[in-house]
1. Residues 120, 150: which one is more than 19 Å from residue 71 (Cα to Cα) and in contact (Cβ under 8 Å) with a residue 12 or more places away in the chain?
2. Assuming residue 111 fulfils every condition listed in (1) under 21 Å from residue 57 (Cα atoms); (2) surrounded by 15 or more Cβ atoms within 10 Å (Cβ to Cβ) apart from one, which condition is it?
3. For the structure I just gave you, tell me whether residue 101 is touching a strand residue (DSSP E or B) at 6+ places or on another chain (Cβ under 7 Å) and more than 17 Å from residue 148 (Cα to Cα).
4. When residue 120 is evaluated against the numbered criteria (1) within 9 Å of the chain's Cα centre (by Cα); (2) at pLDDT 95 or above, which criterion, by number, is the only one it fails?
5. Select from the stretch 104-153 the residues that are out of contact with any strand residue (DSSP E or B) (no Cβ under 9 Å at 6 or more places or on another chain) and assigned to a strand (DSSP E or B) and list them in ascending order.
6. Is it true that some residue in the stretch 77-95 is at pLDDT below 90, within 11 Å of the chain's Cα centre (by Cα) and not in a strand (DSSP E or B)?
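The values are calculated or read from the model by the stated rules, or taken from the named source; none is laboratory data. The structure displayed is predicted, hence computed values, not measured ones. Don't worry about glycine lacking a Cβ; one is built from the backbone with ideal geometry, like all the others, and counts go over all protein chains shown.
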């Protein structure tokens, strides 16, 4: 009897894990609330500068060793671009793994809108506009040991 219950519980956990792991996002390329698409080759509909037109939008580079810089400080309303220069896909998302629900605006594919909702291929980038003041931790959903922090003032 105990073996049957254990087997059923393991089967349920595996089934739920597989569902969340292989749940495919919408076919349409995800767009952040700022209107910026994931692919550099597509047209961007939002100016990628901060309120001061002389200051470029910050870029965080994702490599085979993680995000650099891992922590940045920006003003509210700044668009941050995450550029994939690694050999694998990246899936940048709000902490905490796997729910992605720490950034307070909801509506993304799993929890928060601060979520690329799919793997971003090497050479591509994804951008997000940070409107909420606070310290926002993020991670690579595909490799959760890679993480960083955006400090929004």
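1. Selected residue: 120, the only one of 120, 150 that is more than 19 Å from residue 71 (Cα to Cα) and in contact (Cβ under 8 Å) with a residue 12 or more places away in the chain.
2. The number of the failed condition is (1).
3. no
4. So the condition that residue 120 fails would be (1).
5. Within the stretch 104-153, just 144 meets the criteria.
6. The answer is yes, given that some residue of the stretch 77-95 is at pLDDT below 90, within 11 Å of the chain's Cα centre (by Cα) and not in a strand (DSSP E or B).
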